[in-house]
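*Asks:* Okay, here's the structure, questions in a sec.
The values are calculated or read from the model by the stated rules, or taken from the named source; none is laboratory data. No experiment lies behind these values; they were computed from the predicted model shown. Quick reminder, even Gly has a Cβ in these numbers, built from the backbone with ideal geometry, and neighbours come from all protein chains shown.
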Amino acid sequence: MSIPTTGWSNKGGTADRACVCGTWKQHWINISENTWPASCSAEKCSSAATLGAHVINPAVDGERIVPFCDSCNKLSDTFTLKGSVSVPSANKSKTCEKKA
Ligand SMILES: [Zn+2]
Ligand SMILES: [Zn+2]
């Protein structure tokens with residue numbers, strides 16, 4: 001399944017969630033197996049990526065994590081992601097806390 005870059009929005013109310021990775025930034029690094037990008041994953045945003053944001057898309061199963069800056073994490077409209085970004089699942093029971 002290919003992941004679209006358009007039509008994403010922030011999933012609110014996730015600030016108190018945690019997983020074994022410690023932070024959602026670390027979760028993104030662990031699950032995507034990529035190095036943390038210098039800039040935010042939102043298209044046309046060049047701010048530093050500081051956190052792993054929970055995002056959703058009607059065309060994609062489940063919640064995903066993307067590297068975002070603080071201001072993009074507060075966007076209430078839909079946004080477009082940079083095409084190169086990995087969007088690993090935020091579902092810890094299917095990723096970092098998966099039972100063997
Ligand atoms: Zn995790
Ligand atoms: Zn941004």
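*Asks:* In region 56-100, what residues are hydroxyl-bearing (Ser, Thr, Tyr), in contact with a Phe, Trp or Tyr (Cβ under 8 Å, 6 or more places away or on another chain) and within 16 Å of ligand 1 (Cβ to nearest atom)? Outline the logic, then answer.
*Replies:* Of region 56-100, the ones hydroxyl-bearing (Ser, Thr, Tyr) are 71, 76, 78, 80, 84, 86, 89, 93, 95.
Pick out the ones that are also in contact with a Phe, Trp or Tyr (Cβ under 8 Å, 6 or more places away or on another chain) and you get 78, 80, 86.
Hit for region 56-100 is SER86, nothing else.
*Asks:* Right, something else. If you take the residues of region 30-41 that are loosely packed, with under 13 Cβ neighbours inside 10 Å and more than 16 Å from ligand 2 (Cβ to nearest atom), which of them is nearest to SER89 (Cα to Cα)? Give the steps one after another, and end with the answer.
*Replies:* First, the residues of region 30-41 that are loosely packed, with under 13 Cβ neighbours inside 10 Å: 33, 35, 38.
Next, only the ones that are more than 16 Å from ligand 2 (Cβ to nearest atom) stay: 33, 35.
Details: GLU33: 13, THR35: 16 Å.
Checked region 30-41; the qualifying residue nearest to SER89 (Cα to Cα) is GLU33.
*Asks:* Also, I was wondering about something else. Of all the residues that make up region 79-100, how many are farther than 18 Å from LEU51 by Cα and of a type in the set (S, T, N, Q)?
*Replies:* Summing the residues that are farther than 18 Å from LEU51 by Cα and of a type in the set (S, T, N, Q) in region 79-100 gives 2.
*Asks:* Would it be correct to say that VAL60 is of a type in the set (A, V, I, L, M) and in a strand (DSSP E or B)? Full working, then the answer.
*Replies:* Details: of a type in the set (A, V, I, L, M): yes; in a strand (DSSP E or B): no.
In short, no.
*Asks:* Give region 46-55 a look and list any residue that's more than 16 Å from ligand 1 (Cβ to nearest atom) and either surrounded by 17 or more Cβ atoms within 10 Å (Cβ to Cβ) or of a type in the set (D, E, K, R) (or both), or say none. If you could, list the steps in order and put the result at the bottom.
*Replies:* Let us first name the residues in region 46-55 that are more than 16 Å from ligand 1 (Cβ to nearest atom), namely 46-50.
Scanning region 46-55 gives a single hit, ALA49.
To keep it simple, each residue is scored yes or no on (1) in a helix (DSSP H, G or I); (2) at pLDDT 95 or above; (3) within 14 Å of ligand 2 (Cβ to nearest atom).
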residue: ALA15; (1), (2), (3): no, no, no
residue: ALA18; (1), (2), (3): no, no, no
residue: TRP28; (1), (2), (3): yes, yes, no
residue: CYS45; (1), (2), (3): no, yes, yes
residue: VAL55; (1), (2), (3): no, yes, yes
residue: PRO67; (1), (2), (3): no, yes, yes
residue: GLY83; (1), (2), (3): no, no, no
residue: SER86; (1), (2), (3): no, yes, no
residue: ALA100; (1), (2), (3): no, no, no
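*Asks:* Kindly evaluate CYS96 against the criterion of being closer than 16 Å to ALA15 by Cα and surrounded by 12 or more Cβ atoms within 10 Å (Cβ to Cβ). Quick ask: steps written out before the conclusion?
*Replies:* Details: closer than 16 Å to ALA15 by Cα: no; surrounded by 12 or more Cβ atoms within 10 Å (Cβ to Cβ): yes.
No, not satisfied.
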